[in-house]
Amino acid sequence: MKTTGIVRKLDDLGRIVIPKETREQLYIDIKEPLEIFLDEEESAIILKKYTPGCIFCGDMGEGKNFSGKIVCLKCLEAVKREF
């Protein structure tokens with residue numbers, strides 16, 4: 001992790017603005033979902049681009065889109081065997 005030297009204050013609603021240059025550098029589009037992680041040991045808040053995982057097991061590996069939901073190949077095979 002590297003520092004950018006940019007400091008932002010929270011507004012009255014607890015929001016911060018991610019600078020445009022930072023969003024462009026990380027290819028983050030307007031309204032793109034970000035996932036929030038907490039590192040309590042470091043007192044850090046970490047934002048990552050949200051990548052949905054399998055709706056059954058949460059696996060982030062290769063999957064197929066079914067009705068707007070991701071199903072990993074392992075769970076897809078299990079569903080095929082079940083039905």
Inset, instruction - Would you be able to say whether some residue in the range 5-18 is at positive phi and of a type in the set (Lys, Arg)? - result: no
Inset, instruction - Assess whether VAL79 counts as being assigned to a strand (DSSP E or B) and surrounded by 11 or more Cβ atoms within 10 Å (Cβ to Cβ). - result: no
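State the number of residues belonging to the range 16-34 that are in a strand (DSSP E or B) and touching a Ser or Thr at 6+ places or on another chain (Cβ under 8 Å).
First, the residues of the range 16-34 that are in a strand (DSSP E or B): 34.
Right, trim to touching a Ser or Thr at 6+ places or on another chain (Cβ under 8 Å) and you get none.
Going through the range 16-34 one residue at a time, the tally reaches 0.
From the list ILE70, ILE45, which one is in the same structural domain as THR22 (by TED's automatic domain parsing), assigned to a strand (DSSP E or B), modelled with pLDDT of 90 or more and not polar (S, T, N, Q)? Give the steps one after another, and end with the answer.
Working: ILE70 fails: in the same structural domain as THR22 (by TED's automatic domain parsing).
Unique residue meeting the criteria: ILE45.
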Inset, instruction - Restricting attention to the range 48-83, report how many residues are within 30 Å of ILE18 (Cα to Cα) and of a type in the set (Gly, Ala, Ser). - result: 4
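The values are calculated or read from the model by the stated rules, or taken from the named source; none is laboratory data. In this text, all values refer to a predicted model and were calculated from it rather than measured experimentally. So basically every Cβ, Gly included, is an ideal-geometry build from the backbone, and we count neighbours across all protein chains shown.
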